[in-house]
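Student: This is the structure I want to talk about, given as structure tokens.
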Amino acid sequence: MTMQTTAGRDERTSTDYLTVQIWRGDRDGTFQTFKVPVRENQTVLDVVTEIQRTQDDTLSYRYACRVGMCGSCAMIVNEQPRWTCRTRVDKLGSGPLKLEPLRNLPIVKDLAVDMEPFFDKWKAAHGYFEPGDNPPADFAIVEPSSSEREAVDEAIECINCGVCYSACDVVTWNPDYLGPAALNRAWTLVNDVRDRGQDARLTAVSGDAGCHSCHSHMSCTRFCPKELSPTFSIAGLKRATSNRLWRRKR
Ligand code: SF4
């Protein structure tokens, strides 16, 4: 039992406390407030884990690697989508911490969302490699300096965290919109010289819910924790689909 004599500080132990508001339940849920000791180099994921382990083991959230590789710990932190394992609490300024599940995805419970619609969009955008009917038996040589490789060198680093999807206004307005991550993935494959599924892929990304629905608000690029630019990838798809249309008309 702590002796909380002033807001945010236990006078007996000289411990500073952080106030944390966490969304509980499904879409009809509400915020619950916790107090967590302030610790050196504490991340937002550390805070959530401490609450789950010491105060309420029914709190639901997701993480796996804790080092910015798996992309599973993303949440809304103080109104902005972020990866929580690499977000230090002391970099967020003073005041309470407010944690919510990612937007634009169904809430399973508390901070855990259903990622199925996100990955369904990858499939819909043909975000998978198509080797064709007779793939070469030997390894393909892709020169690192080739224009195709350089066009997607950064984009292939996507960790599927869903931050861009959660930040995207167009997904909010049109739930069918394929979204920045799926289109970014499609762009990496459009530039893959080994792939044999380009025509079907360009058709998939040029429909009503595809790349031409992007308004270039750039929220995806602003919030991507890997500092990628899905906006750049989507612009590439706009060019590729438009060029294909002109080629067909000639
Ligand atoms: Fe996450 Fe960036 Fe990939 Fe979007 S593009 S899923 S924000 S890593």
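Student: Of the residues L202, L237, L228, which single one is modelled with pLDDT of 95 or more, within 15 Å of the ligand (Cβ to nearest atom) and either in a helix (DSSP H, G or I) or under 29 Å from N134 (Cα atoms) (or both)?
Tutor: Numbers: L202 fails: within 15 Å of the ligand (Cβ to nearest atom); L228 fails: either in a helix (DSSP H, G or I) or under 29 Å from N134 (Cα atoms) (or both).
None of the others qualify; the one that does is L237.
Student: Within region 205-213, identify whether any single residue is within 16 Å of the ligand (Cβ to nearest atom), assigned to a loop (DSSP other than H, G, I, E, B) and under 20 Å from the mean Cα position of the chain (by Cα), and answer yes or no. Full working, then the answer.
Tutor: Taking region 205-213 and keeping what is within 16 Å of the ligand (Cβ to nearest atom), we get 205, 211.
Then drop every residue that is not assigned to a loop (DSSP other than H, G, I, E, B), which leaves none.
Checked against the condition, which is being within 16 Å of the ligand (Cβ to nearest atom), assigned to a loop (DSSP other than H, G, I, E, B) and under 20 Å from the mean Cα position of the chain (by Cα), region 205-213 yields no hits at all.
Student: Determine the pairs where a residue that is closer than 13 Å to T221 by Cα and within 10 Å of the ligand (Cβ to nearest atom), located within region 144-170, has a partner that is in a loop (DSSP other than H, G, I, E, B) and basic (K, R) with Cβ atoms under 7 Å apart, the partner being 6 or more residues away or on another chain.
Tutor: Pairs found: C158/K226; S166/R103.
Student: Tell me the residue from E100, E79 that is over 30 Å from T241 (Cα atoms), surrounded by 14 or more Cβ atoms within 10 Å (Cβ to Cβ) and of a type in the set (D, E), please. Walk me through how you get there before you give the answer.
Tutor: On the way: E79 fails: surrounded by 14 or more Cβ atoms within 10 Å (Cβ to Cβ).
Result: E100 is the single residue among E100, E79 that is over 30 Å from T241 (Cα atoms), surrounded by 14 or more Cβ atoms within 10 Å (Cβ to Cβ) and of a type in the set (D, E).
Student: Hey, L105 hits all of (1) among the aliphatic types (A, V, I, L, M); (2) in contact (Cβ under 8 Å) with a residue 60 or more places away in the chain; (3) under 18 Å from C70 (Cα atoms) but one; which does it fall short on?
Tutor: (3)
Student: Please state which one of A112, A74 is within 16 Å of the ligand (Cβ to nearest atom), of a type in the set (G, A, S) and either at negative phi or surrounded by 16 or more Cβ atoms within 10 Å (Cβ to Cβ) (or both). Spell out the reasoning first.
Tutor: On the way: A112 fails: within 16 Å of the ligand (Cβ to nearest atom).
Within the list A112, A74, the selection yields A74.
Student: Scan R62, R82, R88 and give me the residue that is within 22 Å of the chain's Cα centre (by Cα) and more than 14 Å from L111 (Cβ to Cβ).
Tutor: Details: R62 fails: more than 14 Å from L111 (Cβ to Cβ); R82 fails: more than 14 Å from L111 (Cβ to Cβ).
On inspection, the qualifying residue turns out to be R88.
Student: Follow-up. Taking the conditions exactly as written (in contact with a helix residue (DSSP H, G or I) (Cβ under 9 Å, 6 or more places away or on another chain) and either aliphatic (A, V, I, L, M) or part of a loop (DSSP other than H, G, I, E, B) (or both)), does L178 satisfy them or not? Lay out the reasoning, then the answer.
Tutor: Working: in contact with a helix residue (DSSP H, G or I) (Cβ under 9 Å, 6 or more places away or on another chain): yes; either aliphatic (A, V, I, L, M) or part of a loop (DSSP other than H, G, I, E, B) (or both): yes.
Yes, satisfied.
Student: Scan (1) modelled with pLDDT of 95 or more; (2) in a loop (DSSP other than H, G, I, E, B) for the single condition K121 breaks and write down its number.
Tutor: For K121, the exception is condition (2).
Student: Let me ask something additional. Within region 64-84, does at least one residue satisfy the condition of being in contact with an Asp or Glu (Cβ under 9 Å, 6 or more places away or on another chain), of a type in the set (D, E, K, R) and part of a strand (DSSP E or B)?
Tutor: No, region 64-84 has no match at all.
Student: May I pose another question? Scan region 30-54 for residues that are touching a strand residue (DSSP E or B) at 6+ places or on another chain (Cβ under 6 Å) and either loosely packed, with under 13 Cβ neighbours inside 10 Å or of a type outside the set (V, I, T) (or both) and jot them down.
Tutor: Hits for region 30-54 are F31, Q32, T33, F34, K35, P37, E50.
Student: Further, regarding this structure: When you check D176 against the structure, is it surrounded by fewer than 24 Cβ atoms within 10 Å (Cβ to Cβ) and without any contact (Cβ under 8 Å) to a residue 12 or more places away in the chain, yes or no? Spell out how you get there, then give the answer.
Tutor: Working: surrounded by fewer than 24 Cβ atoms within 10 Å (Cβ to Cβ): yes; without any contact (Cβ under 8 Å) to a residue 12 or more places away in the chain: no.
Against the criterion (surrounded by fewer than 24 Cβ atoms within 10 Å (Cβ to Cβ) and without any contact (Cβ under 8 Å) to a residue 12 or more places away in the chain), D176 does not qualify.
Student: Tell me, please, whether a residue that is surrounded by fewer than 12 Cβ atoms within 10 Å (Cβ to Cβ) and either touching a Lys or Arg at 6+ places or on another chain (Cβ under 8 Å) or among the aliphatic types (A, V, I, L, M) (or both) can be found in region 151-163.
Tutor: No, the conditions are met nowhere in region 151-163.
Student: Looking at region 88-99, can you tell me whether even one residue there is outside any loop (DSSP other than H, G, I, E, B) and within 13 Å of the ligand (Cβ to nearest atom)? Write out each step before concluding.
Tutor: Initial filter on region 88-99 (outside any loop (DSSP other than H, G, I, E, B)): 88-91, 97-99.
Now drop any that are not within 13 Å of the ligand (Cβ to nearest atom), which leaves none.
No, every residue in region 88-99 fails to be outside any loop (DSSP other than H, G, I, E, B) and within 13 Å of the ligand (Cβ to nearest atom).
Student: Could you count how many residues in region 223-250 are within 24 Å of M75 (Cα to Cα) and surrounded by fewer than 15 Cβ atoms within 10 Å (Cβ to Cβ)?
Tutor: Total meeting the criteria: 1.
Student: Just one of (1) touching a residue at least 40 places away in the same chain (Cβ under 8 Å); (2) within 12 Å of the ligand (Cβ to nearest atom); (3) hydrophobic (A, V, I, L, M, F, W, C) trips up L189, so point out which.
Tutor: Against the list (1) touching a residue at least 40 places away in the same chain (Cβ under 8 Å); (2) within 12 Å of the ligand (Cβ to nearest atom); (3) hydrophobic (A, V, I, L, M, F, W, C), L189 comes up short only on (2).
The values are calculated or read from the model by the stated rules, or taken from the named source; none is laboratory data. This is a predicted model, so every value here is computed, not measured. Quick reminder, even Gly has a Cβ in these numbers, built from the backbone with ideal geometry, and neighbours come from all protein chains shown.
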